[in-house]
1. As an exercise: evaluate Tyr75 against (1) over 22 Å from the mean Cα position of the chain (by Cα); (2) at pLDDT below 95; (3) not basic (Lys, Arg) and give the number of the one condition it does not meet.
2. Answer with yes or no whether Tyr377 is part of a helix (DSSP H, G or I) and at pLDDT 90 or above.
3. Of the residues that sit in the range 167-201 and are in contact with a helix residue (DSSP H, G or I) (Cβ under 6 Å, 6 or more places away or on another chain) and in a loop (DSSP other than H, G, I, E, B), which one is farthest from Lys217 (Cα to Cα)?
4. Just name the residue that is surrounded by the fewest Cβ atoms within 10 Å (Cβ to Cβ) out of those in the range 140-166 that are part of a strand (DSSP E or B) and among the β-branched types (Val, Ile, Thr).
5. Check off (1) buried (at least 19 other Cβ atoms within 10 Å of the Cβ); (2) over 20 Å from the mean Cα position of the chain (by Cα) for Val305 and give me the number that stays unchecked.
6. Find the residue count for the range 151-171, including only residues that are under 20 Å from the mean Cα position of the chain (by Cα) and not acidic (Asp, Glu).
7. Being over 15 Å from Glu253 (Cα atoms) and hydrophobic (A, V, I, L, M, F, W, C) is the filter here; which residues of the range 283-306 pass it?
Amino acid sequence: MNALLEHLHAWLGEIYGANGHWRLFLMVFPYFLLLEVPLNLMVLLGTLRWFVRQRSAVPIHNTWNPRVSCLITCYSEGRDVELTLRSLAEQTYPGMIEIIPIVDGAVANKATTEVVRRFKAEQRMPRNRVIRPIAKWQRGGRVSSLNTGLAYSTGEILINVDGDTSFDNDMVVRMVSHFRDPKVPAVAGSLRVRNARQSWVARIQALEYLLSIHMCKIGLAEWNLVNNVSGAFGAFRRSFLQQIGGWDTHTAEDLDLTLRIKAYFRRYRLRIPFEPQAIGHTDAPATLRSFLDQRLRWDGDLFFVYIRKHRHVFTPRLLGWPNFLMLMVSGLLFQLVLPFIILGYSLVAVIILPFTALLFYSLLIYALYLSMSTLLYLGLMLMVSERPQQDLRLIWVLPFYPLAMYALRCWSVVAILNETLRRGHEESSMAPWWVLKRANRF
C-alpha cells in the first residue's frame, strides 16, 4: 500500500512539475479524435465528389419503368397511414406502383385497418396505381409483415416504408433509376424529421438526421461504403431479396439485411447507392423519455447484430477490404467500443484533473467537435440541401449538437450493457415476445 502511495505521489509530482502540463496533455488528449477527424474528412470529400458529379451530369431519358411494390408496415399508426398512402399514390413515376399496406395485428389495431379500408374505397387511383391491403389478424412483428408483403407482391422492385412516413412525389423515380445497374441489389433513401418544431429533442434529431445520416451516407456512398439501408425507407431488387431468403427474424432487420447483402459484395462486385434526393419524412420521438427508449433499442441492437449474429461476416473474403475496414472502424470501434472509451476517459479526467485543466480540456474537445459539426453543416448547406430555408432554422441547434451527441455516446454504454447482460433485443416492441423467443438464439 505504501509503495502504491509513493508511486501516486511521484506521478502527481511529474504532473505539477516543470513539464507537468505537457505530460498531462499527452495523458488526457482524446486520441479517438485521430480516427474521427479522418472519417469526417472522408465524408466531406465524398460529398464534394457527389456534388461535382451532379453538377456535370447529363440528363438521361429513361424508358425502363419496372413494376414497383411499396410494402407499408403498419401497426398502430391510425390516421397517419393515410398520409403515407396518399404520398405513394401521388408519385410521378410513370410505371405501375402496387401499394401494399400490411396491418399487423389487425384485430387490436382496428383504427389503422379502418383508415386503410376507407382509403381503398374512397380514393380514386390512377390506372397505373393499385392498392392491395393485407390484414394480418394475429400480430407477428415487423419482419413477419415484410415477408408477407414479399410473398404477396408482384413488383420487380420493392420499396419498404413505415406506416407513418410520407414522401416527396419523385421518390420512386429517383430510387428506381439506380436499379438500371444490375450490380445494385438495394438503394438507401433519405429521411427527414418532419416534426422538428415540436420540441428541442425533435430539433436535435432533425440536425442529427441531416449530419450523421444524410451527409454521411452521401459521402460514404461515393466510396461504396453505405453502412445501412434504413428499415423506414429502402428499396430492393426482388430477385436478390428472394435469393437470400427475405428478411430475417429478430430485431434491427434493416442492419441485418444490409450485412447479409454485403456478404456478397466481394463475390459479385455489388454496390449499395444512397439517393439523397429521394426524400421521406418521418416523426421523431418528441420527448426525452421516448427518445432514450428508442436509442436503448437501436444501440443495443448494434451489439446483437454485429457481435452475436453476424460476427462471421467480418472478413475481407466476403466484404472486400474497403467495407471490411469500414465496418471494423465505424461499426465495431465507433459504435461499440468508442462509447466505453469516451465514458471512461470522462470519468478519469474528472478524477485526476484539476478544475482549471478539466475546464480547459473540456472546452478544447467541445471546440473540436463543434468545428467538425459546423464543417459538415456548411457542406450540407452549400452542396446538398434541397430545402435550405428549412435547414437554416436548425443553425441555432448547432452549438448544442456536440453536447447531445456526447450524451448519446454515454447512453450507448447503457444500451450495450443492457443487450450484453439482459438480451435486451428480446424485449423489443418490433415483434411479440413469443416470436423473438422462438427465433434462433445467438
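The values are calculated or read from the model by the stated rules, or taken from the named source; none is laboratory data. In this text the structure is predicted, and so the values were computed from the model without any measurement. All Cβ positions, glycine included, derive from the backbone under ideal geometry; neighbour counts span all protein chains shown.
1. (1)
2. yes
3. Asn195
4. Here the residue is Ile157.
5. Condition (2) is where Val305 drops out.
6. Qualifying residue count for the region: 9.
7. Ala284, Ala286, Leu288, Phe291, Leu292, Leu296
Results for (1) surrounded by 13 or more Cβ atoms within 10 Å (Cβ to Cβ); (2) at pLDDT 85 or above; (3) under 27 Å from Glu222 (Cβ atoms), shown as yes or no for each residue.
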site	(1), (2), (3)
Ile15	yes, no, no
Phe32	yes, no, yes
Leu88	yes, yes, no
Gly105	yes, no, no
Ala108	yes, no, no
